[in-house]
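Enquirer: Structure in structure tokens, see below.
The values are calculated or read from the model by the stated rules, or taken from the named source; none is laboratory data. Keep in mind that this is a model prediction, so the values were computed, not measured. Cβ atoms come from the backbone with ideal geometry, glycine included; neighbour counts cover every protein chain shown.
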Amino acid sequence: MYKKLFRRIILLFVLFIIYIYVLVINYLPDKITIFEGENISLRTFFGITLDSQDKVLSVSADTGEKTINKIGSENLSVSLFDKMFLKNIEVSVLPRTTVIPVGNIAGVKLYTSGVLVVGMSEIEGEDNKTYKPYQDTGIEEGDTIVKINDNIISSTDDLIENVNMSNGEKLEVEYVHDEKTKECSITPIKTATDEYKLGLWVRDSAAGVGTVTFYEPSTQKFGALGHGITDIDTGELLNIASGEFVTAKVLNIKKGEDGNPGKIQGTVEEQETIGEIDKNTEFGIYGKIKDMSSLNIDMSKEMEVALRDEIELGKATILCSLDNQTIGEYEIEITKVYKDNNHNNKSMEIKVTDERLIEKTGGIIQGMSGSPIIQNGKFIGAVTHVLVNSSTEGYAIFGDLMIKQSKEVE
């Protein structure tokens, strides 16, 4: 009896270890991007090793940290105890980069790829009965409608026109759900006003204000916000077809307090175009500057982007504009650094210590997202979030994460 129990315990232990290895291997990415000389931060497990065919991988004898000092694309092989090959990881090695931290408030206009479904409601037909045309179609809030009867849908006007042209006939709809393209049929309902409707509330654009983080002179690329723009109704990251970066006018500053975050209130109406937005990602928005004059960038402030190992706990400064005239520099403190974090924009914990900024804003407020952080003469990251229960504390994203995203902008 005891032997059987012991065998079961051993079997469960072995299965548990195998399960851990499977999780670790699946967690390893297929592709990573690093800077020349940057430590490769990959969580592995006992016996899982990394190597390169061209022997470009350097391993520190003191710390065991791994780096690649050759610019370009390399393949790392992942193996178990140097015997069993598991997978390849493609590593893109970028040259060290210099940028100009900006800190200007600017406006964002995004136009979706297709139309975003933000709500659903019953339709009252011309017979005074209520209908749900969308029921059992599979379409959900957060999905994007891209085609109707093979006609491309790029705006709410396109959708309305195609639905009204149906004369109540069944429509073939192509939509995107969780990044997968799907199809369904839906029959519009005629209302008492002689219109045809699907019962879907949709949106094709979004606008707001935020802070420009950096400008890269060599490529004319910019990064801003440090986080993506999500739809206010669905909470989903907007899948954009295009976007504009425009000047913004600050109207008012609502001071934040613990439990009640403040915000910069501004307008993007009748403002000038600064550039084009190509990407809306979890790590910020990115594009190219077309008109430098409206940003008032100081070209003499170009500086290196810090590697994560160069970031220290303690004092740093942020740049942000709280009016329509000047950019101020304010003291903060880096309280925690999560060096291995590549999966979200909460790379560092920060605290505002500058009494001038606390007096004006109460700490970190909406609209300050993207404010660049400088430490020891290098760009290290950008403000992303405020802690709701502490208006002077929040999160910031690593500068290297934002630069790597911007490098993918065509």
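Enquirer: Just to check your reading of the model, which residue among GLY114, GLY107 is at positive phi and within 30 Å of the chain's Cα centre (by Cα)? Steps first, answer last, please.
Expert: Values: GLY107 fails: at positive phi.
After applying the criteria, what remains is GLY114.
Enquirer: Just to be sure I understand the filter: pairs with C-beta atoms under 9 Å, separated by 6 or more residues or on different chains, first member in segment 161-174 and closer than 19 Å to ILE139 by Cβ, second member in a helix (DSSP H, G or I) and among the polar types (S, T, N, Q). Which pairs pass?
Expert: Filtered contacts from segment 161-174: LEU171/ASN162.
Enquirer: I'm trying to understand the selection: among the residues of segment 173-206, which are small (Gly, Ala, Ser) and assigned to a strand (DSSP E or B)?
Expert: SER185, SER205, ALA206 - these are the residues of segment 173-206 that are small (Gly, Ala, Ser) and assigned to a strand (DSSP E or B).
Enquirer: Give me a count of the residues in segment 275-330 that are of a type in the set (Lys, Arg), touching an Asp or Glu at 6+ places or on another chain (Cβ under 7 Å) and closer than 16 Å to SER371 by Cα.
Expert: 1
Enquirer: Would segment 128-145 turn up any residue that is part of a strand (DSSP E or B) and closer than 23 Å to LEU237 by Cα? Talk me through it step by step, then tell me what you get.
Expert: Of segment 128-145, the ones part of a strand (DSSP E or B) are 130-131, 144-145.
Narrowing the set further to residues that are closer than 23 Å to LEU237 by Cα leaves 144-145.
Yes, the conditions are met somewhere in segment 128-145.
Enquirer: Turning to a different aspect of this structure: Name the strands (runs of 3 or more DSSP E) wholly within segment 301-395 that hold at least 1 residues that are free of Cβ contacts under 8 Å to residues at least 60 places away in the same chain and under 16 Å from GLY256 (Cα atoms)?
Expert: Fully inside segment 301-395 and qualifying: 348-352, 378-387.
Enquirer: Of all residues in segment 211-248 being hydroxyl-bearing (Ser, Thr, Tyr), modelled with pLDDT of 80 or more and more than 23 Å from GLN271 (Cα to Cα), which is surrounded by the fewest Cβ atoms within 10 Å (Cβ to Cβ)?
Expert: Top of the filtered list is SER218.
Enquirer: Return the total of residues in segment 338-373 being in contact with a Cys (Cβ under 9 Å, 6 or more places away or on another chain) and of a type in the set (A, V, I, L, M).
Expert: 2
Enquirer: Considering only residues that are outside any strand (DSSP E or B) and closer than 30 Å to VAL268 by Cβ, which ones fall in segment 110-126?
Expert: Across segment 110-126, the qualifying residue is only SER121.
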